[in-house]
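Data block below; observations after.
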Amino acid sequence: MKLTVIGAGYVGLVTAACFAEMGNEVVCVDNNGARIDSLNRGEIPIHEPGLEPLVRNNLAEGRLRFTERLADAVDDTLVYFIAVGTPQGEDGSADLSHVLEVAKELGRVIRHRCIVADKSTVPVGTAEKVKATIQAELNRRGQKLDFEVVSNPEFLKEGDAVNDFMRPDRVIIGAESPWAIETLRELYAPFTRSHERILVMRPREAEMTKYAANAMLATRISFMNELAALCERLEVDVERVRIGIGADQRIGYAFIYPGCGYGGSCFPKDVRALIRTGEQVGVEPAILKAVDRRNEMQKRLLFEKVAARFGTDLSNRTFAVWGLAFKPGTDDMREAPSRVLIERLVRSGAKVQAYDPAAMPTAQTAFPGEWLSLGSVKLVPHQYDALANADALILVTEWKPFRHPDFSRMKALMKTPVIFDGRNQYDPDDLRAQGFEYHGIGRP
Ligand code: UDX
């Protein structure tokens, strides 16, 4: 099929590359010229395992190309995918301006019967707005043509996105017309071992499904984080409780890991957008608000533990931070707990020595320049370098190389052997036996 993907961000790029890999002819459009140039050279602007070879191979074989102008892409495209950002607006709702701009542009250029599929995460009712926006432009041009707007949300995890696209748990097609449904079924058939994984529903239901999935996962995390707080006061190790409840098949082990809060480009903003939707339609979003509030508290927790141990005046203190990305496997620091922690440490006078296996380039621009130039935050080239003369190590992201480090080497490097384990990666008894002072999340 001939496809156009609008937006060469993380979702758009993965979508374009994976469709091309399955033999489709794909054009990927983005208005960032520099990004398009580097993509055409096969350079990937994000850290996503497996994506670069996909893009390079498909570029070389001519199934994938990148362009700055939508008009270059159009002629015989059958499905246009909108994969532009929907950032959090001022009032917490999803900002639809990029999506609607693309819709307007589509209304100006399309000439053939086609399908427009929303991949961006958008509030319920957006497919209708996109349709009306395109139709208004067509009317203005005096152009009559048949087009269909469908909702086709993505469920891609950063760091595992190619895999998620190639072997999805499910594909949601929110569409009304049999033609659109059949076209998308055919497009997704090679990605699903059986058609059962393709779920067809109305566009509004598809839009809601996306928010519901993310909000449910965020709820599980915030719930566990609240239990962790209870456990800590009650002399209970939350990790035992996690193992105990996860064994119940109705509960399961996924997304019940307590920690220092969820981050990333999806959970925080999607929970808030759904809260806003609730308020707009007169439903008190009591649970969603609690999920968001617990997460904000959770992101401050590591600092509070440090302050409880070392006091609030941290001048003359140095802390090693392991992990800056919001989760392992990505260089993304959007809404990362590390930001909240480091900001508070610096404001309390501390020096921070930080290391992340992938996010060092991101970190260069994530903090105010003077923090780096004055040495409040030092980004070091190796995980052990962060420990030099440190009062404590704070583990924020559970990257694999942090799991089984050389503890005796660590102890020799640090000023005092204190570990704040923001992801409960270590065995407290084991660390204490090795002479460390251990602070976890929800562990006595
Ligand atoms: C998420 C959804 O998983 C994906 O389906 C959707 O399309 C986009 O949002 P992503 O943001 O890449 O993907 O991250 P995910 O792996 O879901 O993790 C989100 C956050 O939750 C991370 O900060 C992670 O550290 C945290 N988390 C996850 C926990 O704190 N505990 C857990 O048990 C699981």
May I ask you to list the residues in region 133-166 that are away from the ligand (no atom under 16 Å from the Cβ) and β-branched (Val, Ile, Thr)?
133, 134, 149, 150
If we ask which residues in region 15-56 are under 23 Å from the mean Cα position of the chain (by Cα), aliphatic (A, V, I, L, M) and in a loop (DSSP other than H, G, I, E, B), their number turns out to be 2
Considering only residues that are acidic (Asp, Glu) and part of a helix (DSSP H, G or I), look in region 195-254 and name the one that is modelled with the lowest pLDDT.
196
Which residues, counting only those in region 159-181, are over 30 Å from residue 263 (Cα atoms) and exposed (fewer than 13 other Cβ atoms within 10 Å of the Cβ)?
177, 178
Number of the exception - residue 217 against (1) more than 10 Å from the ligand (Cβ to nearest atom); (2) more than 17 Å from residue 88 (Cα to Cα):
(1)
In region 224-237, is there at least one residue being over 25 Å from the mean Cα position of the chain (by Cα) and crowded, with 21+ Cβ neighbours inside 10 Å?
yes
Just checking, how many residues over region 288-320 are closer than 22 Å to residue 226 by Cβ, in contact with a strand residue (DSSP E or B) (Cβ under 7 Å, 6 or more places away or on another chain) and either crowded, with 24+ Cβ neighbours inside 10 Å or not assigned by TED's automatic domain parsing to the domain that holds residue 349 (or both)?
2
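Only one residue in 121, 126, 86 is surrounded by 20 or more Cβ atoms within 10 Å (Cβ to Cβ) and touching a Lys or Arg at 6+ places or on another chain (Cβ under 6 Å). Which one?
Checking each option against the conditions leaves just 121.
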Do we find a residue being within 19 Å of the chain's Cα centre (by Cα) and touching a residue at least 24 places away in the same chain (Cβ under 8 Å) anywhere in region 189-199?
no
List every residue pair whose Cβ atoms lie under 6 Å apart, where the two residues are 6 or more positions apart in sequence or sit on different chains, the first residue falls within region 220-248 and is at negative phi and among the charged types (D, E, K, R), and the second residue, located anywhere, is within 16 Å of the ligand (Cβ to nearest atom) and outside any helix (DSSP H, G or I).
220/255; 220/256; 232/442; 237/443; 239/424; 242/256
So is residue 438 away from the ligand (no atom under 16 Å from the Cβ), within 21 Å of residue 240 (Cα to Cα), without any contact (Cβ under 8 Å) to a residue 40 or more places away in the chain and outside any loop (DSSP other than H, G, I, E, B) or not?
yes
So which residues in region 24-47 are surrounded by fewer than 18 Cβ atoms within 10 Å (Cβ to Cβ) and in contact (Cβ under 8 Å) with a residue 60 or more places away in the chain, if there are any at all?
46
Please go through region 115-132 and pick out each residue that is within 16 Å of the ligand (Cβ to nearest atom) and not acidic (Asp, Glu).
117, 119, 120, 121, 122, 123
Scan region 326-336 and give yes if some residue there is away from the ligand (no atom under 16 Å from the Cβ) and out of contact with any Lys or Arg (no Cβ under 7 Å at 6 or more places or on another chain), otherwise no.
no
Within the set of pairs 6+ apart or on separate chains, which have a first residue in region 321-338 that is surrounded by fewer than 24 Cβ atoms within 10 Å (Cβ to Cβ), a second that is not in a loop (DSSP other than H, G, I, E, B), and C-beta atoms under 6 Å apart?
331/362; 333/362; 333/366; 335/268
Do we find that residue 422 is within 16 Å of the ligand (Cβ to nearest atom) and either on the phi > 0 side of the Ramachandran plot or not hydrophobic (A, V, I, L, M, F, W, C) (or both) in this structure?
yes
Can you confirm whether region 231-250 contains a residue that is in contact with a helix residue (DSSP H, G or I) (Cβ under 9 Å, 6 or more places away or on another chain), within 11 Å of the ligand (Cβ to nearest atom) and either of a type in the set (A, V, I, L, M) or in the same structural domain as residue 330 (by TED's automatic domain parsing) (or both)?
no
Taking the options 187, 217, name whichever one is surrounded by 13 or more Cβ atoms within 10 Å (Cβ to Cβ), among the hydrophobic types (A, V, I, L, M, F, W, C) and closer than 29 Å to residue 1 by Cβ.
187
Hits in region 260-276 - residues which are assigned to a helix (DSSP H, G or I) and out of contact with any helix residue (DSSP H, G or I) (no Cβ under 8 Å at 6 or more places or on another chain):
269, 276
Which numbered condition trips up residue 300, out of (1) in a helix (DSSP H, G or I); (2) more than 25 Å from residue 158 (Cα to Cα)?
(2)
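A quick yes/no check of all residues on (1) polar (S, T, N, Q); (2) touching a helix residue (DSSP H, G or I) at 6+ places or on another chain (Cβ under 9 Å):
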| position | (1), (2) |
| --- | --- |
| 15 | yes, yes |
| 22 | no, yes |
| 37 | no, no |
| 43 | no, yes |
| 48 | no, yes |
| 54 | no, yes |
| 92 | no, yes |
| 95 | no, no |
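Let's see how each residue does on (1) buried (at least 18 other Cβ atoms within 10 Å of the Cβ); (2) in contact (Cβ under 8 Å) with a residue 40 or more places away in the chain; (3) over 30 Å from residue 328 (Cα atoms):
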| residue | (1), (2), (3) |
| --- | --- |
| 49 | no, yes, no |
| 72 | no, yes, yes |
| 99 | yes, no, no |
| 113 | no, no, yes |
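The values are calculated or read from the model by the stated rules, or taken from the named source; none is laboratory data. Since the model is a prediction, treat every value here as computed from it, not as a measurement. Positions of Cβ are generated from backbone atoms using ideal geometry, with glycine treated the same way; all protein chains shown enter the neighbour counts.
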